[in-house]
Amino acid sequence: MSESELITGCEAGNGIAQRVLYDRYKTAMYTLAYRLTGDFDDANDVLQDTFLEVFKKIGQFRQEATLGAWIKAILVRKAKRKFKEPKNWVLMDELPSDARVEDWLSESIGAEALERHILTLPEGARTVFCLIEIEGYAHAEVAQMLGVSEGTSKSQLSYAKKKLKYAIGQSHER
Amino acid sequence: MKDNPENKQPKWAQNLPQYTPPASSWEVIESELRRTKSVRFEPRAWWLAAASVALVVLVVGVFGWWTTQQTNTEKITYSEEKLTKPLTINASQSLESQSAQIEAYCIKRADVCQKPEFKNLKQQLDQLNAAHQELKTVIETYNPDPNLVAQFVQIDSDRTDVLRKIFEEI
């Protein structure tokens, strides 16, 4: 089933099309929801709210972005409700923002260990890190989605990288 | 993210663990969708229903207005008039018989005879009739004095005049 067929089917309230769409995006969205909230129950709530809104508002999808990007934007908005007020995120010491994760990420660290370190980051730093480094959003997009300044987004990302780098270094020393 | 067609993730991030939501998650979504579907009236359906109601109201309103206009412009009224045979002066009739005819008419059409103008004329006629009768008796009893005869003719002339006016009133 093509994306446009899926959209048309969901718009008509077709249960099969809704299920296919859910199956196509459920893992990616649930994974992102878990990384943003740091809790499986919260991730489940966010996922359900997201898809209910997707099916309700699918007629408003203008295909300016891909369907996946549209769903992801809804999910981030839903996840934001689980956060503390992002505007209150504390500004962290900035590292050079162009410091790429690949430059300091050791191949020796396993993906699951890296995931654990990511999940230990404070909410603001974790959220910005996930959206920018993992999902590929720009600071301006993240700032708009979360309702924070670009400066806040940059400082949170810097702090996340600094914290991760330190944590990974510590785990190597052990 | 293998199942996301828009995958902008760097290589290192693609190795991170993926999580699958519990099966119950879809069940919750599906039951909620079914529930809202049963109670939700599609916006398009709302629009159509509202448009239909508006159309019916418009048609009924226009029809009502048109009917009212038709009634106003082509008003048909019915009335019933009781016709009585009109009185006519017959030249060959004597003044007495004409007076008797008016008396008979007044019995049938009291409403006409109660009019002040009519009553006034009728009163004049009665006085003239009485004078006519008295003078007639005098002339028959005594020799016909030319003055009396002239007076008698004048009275009859007046009676004729009053009778004519009465018939005009009728």
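Tabulated data for the structure shown
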| read-out | value |
| --- | --- |
| DSSP-assigned coil residues among chymotrypsin sites (Phe, Trp or Tyr not before Pro) in region B:130-167, each with at most 12 further Cβ atoms within 10 Å | B:Y142 |
| Interface burial for A against B (accessible surface, 1.4 Å probe, total of both chains, Å², rounded to 100) | 2900 |
| Cα extents of region B:95-169 along the three principal axes, largest first (Å) | 44, 17, 15 |
| A:Y137 accessible area, assembled protein chains, probe 1.4 Å, Å² | 30 |
| Pair B:V138, A:A111: separation of 7 Å Cα→Cβ label points (nm) | 15.2 |
| Vicinal HN-Hα couplings computed from phi for region B:117-129 (Karplus, 6.51 cos²θ - 1.76 cosθ + 1.60; Hz; Gly/Pro x) | 4, 5, 4, 4, 5, 5, 5, 4, 4, 4, 5, 5, 4 |
| Within the accessible area of region B:95-169 (1.4 Å probe), percent carbon and sulfur | 53 |
| Kirkwood hydrodynamic radius (C-alpha pairs) into Stokes-Einstein, region A:3-80, 10 °C and 1.306 mPa s, D in µm²/s | 128 |
| Surface accessible to a 1.4 Å probe, B:T20 within the full protein complex, Å² | 90 |
| Estimated distance in nm for a label pair at B:R164 and B:E32, the labels positioned 7 Å out from Cα along Cα-to-Cβ | 10.8 |
| In Å², nearest 10: area of A:F40 left accessible to a 1.4 Å probe | 90 |
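The values are calculated or read from the model by the stated rules, or taken from the named source; none is laboratory data. What you see is a predicted model, and the numbers here were worked out from it, not measured in a lab. Here Cβ is always computed from backbone atoms with ideal geometry, including for glycine, and neighbour counts include all displayed protein chains. Protein only, heavy atoms only, side chains kept; ligands, DNA and RNA dropped before computing areas. Shrake-Rupley method; radii C 1.70, N 1.55, O 1.52, S 1.80 Å.
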